[in-house]
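Read through the structure below, which is laid out as structure tokens, and then see the notes.
The values are calculated or read from the model by the stated rules, or taken from the named source; none is laboratory data. No experiment lies behind these values; they were computed from the predicted model shown. Cβ: placed from backbone, ideal geometry, glycine included. Neighbour counts: every protein chain shown.
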Amino acid sequence: MLCSRPAFCFMHKFRRKIPCIFWKGNGTLSMEHSTEVLYNRTMVYCTPEHRFGSDALLLARFCEPKRSQKAADLCSGCGIVALEWHDRGHRGPCTALELQPEGSALLAAAVEEQQLTHITPACADLRTWRQDEGKFDVCACNPPYFTEGPQSKNAAHALARHENTCALEDVCACGFRLLKDGGRLALCHRPERLADLMCALRGSAPTGWSPSGWPL
């Protein structure tokens with residue numbers, strides 16, 4: 001899935017914003033967050049550093065797993081893809097992998113509050129993640145888009161937008177490790193990076209990938 005800019009998504013009509021509230025975690029975490037409510041009333045916790053746009057919603061819908069399939073949300077941020085899948089009926093095991101502790105903690109709080117026991121937040125680096133290799137049906141990722149250019153002074157924004165700690169090759173290699181034969185890897189990226197993406201896919205999979213959908 002390739003997006004040149006955030007696209008309009010009719011899900012925005014149905015998302016409700018709850019004014020910013022204060023939440024304290026289990027003794028170590030304290031942050032202000034806002035709550036977004038999806039169409040079927042699943043809550044998503046966000047902060048200015050860890051929020052989501054229409055591209056993440058479109059990605060989640062594009063590669064929605066079947067109800068009982070095993071899925072992974074890579075570079076999950078606040079967990080929007082995993083939570084959107086849940087909102088649309090997915091109940092199979094879902095691992096949401098995020099490098100930044102604050103983003104992973106937001107999802108962990110949402111999961112605990114709503115008792116979404118099939119979603120497992122994991123604060124870890126996808127470059128070294130090896131758990132359940134070869135067992136996933138679907139992997140989705142909305143990765144950092146940029147390799148160069150000015151970076152935000154906000155460290156969380158810089159990590160989310162630039163390939164400082166997560167390059168395309170890392171995402172493709174992780175997807176290849178985690179997916180079973182016939183599994184699907186779905187990415188949201190910029191059209192001008194298409195050649196880079198194809199090279200990364202070729203380099204990560206000696207046996208090859210089979211592209212099956214390119215909505216622009």
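Filtering the range 117-144 to residues that are farther than 10 Å from residue 74 by Cα and either of a type in the set (Asp, Glu) or in contact with a His (Cβ under 6 Å, 6 or more places away or on another chain) (or both) leaves 132, 133, 137, 144.
If the condition is being closer than 24 Å to residue 169 by Cβ and surrounded by fewer than 24 Cβ atoms within 10 Å (Cβ to Cβ), then the range 102-121 contributes only 104.
Of the set (1) assigned to a loop (DSSP other than H, G, I, E, B); (2) under 19 Å from residue 141 (Cβ atoms); (3) modelled with pLDDT under 95, all apply to residue 27 but (2). If you take the residues of the range 46-69 that are touching a Leu at 6+ places or on another chain (Cβ under 9 Å) and buried (at least 19 other Cβ atoms within 10 Å of the Cβ), which of them is farthest from residue 140 (Cα to Cα)? Looking at residues that are touching a Leu at 6+ places or on another chain (Cβ under 9 Å) and buried (at least 19 other Cβ atoms within 10 Å of the Cβ), I get 46. Yes or no: the range 132-141 includes at least one residue that is modelled with pLDDT under 95, of a type outside the set (A, V, I, L, M) and under 27 Å from residue 193 (Cβ atoms). The answer is yes; a qualifying residue exists.
Of the residues that sit in the range 180-216 and are of a type in the set (Lys, Arg) and under 19 Å from residue 58 (Cα atoms), which one is modelled with the highest pLDDT? Before the answer, list the steps.
As a first pass, look at the range 180-216 and keep what is of a type in the set (Lys, Arg): 180, 184, 190, 193, 202.
After this cut, where a residue has to be under 19 Å from residue 58 (Cα atoms) as well, the list is 184, 190, 193.
On the way: 184: 93, 190: 81, 193: 79.
My answer is 184.
Do we have any residue at all in the range 3-17 that's farther than 19 Å from residue 90 by Cα, out of contact with any His (no Cβ under 9 Å at 6 or more places or on another chain) and at pLDDT 90 or above? No, the range 3-17 has no match at all.
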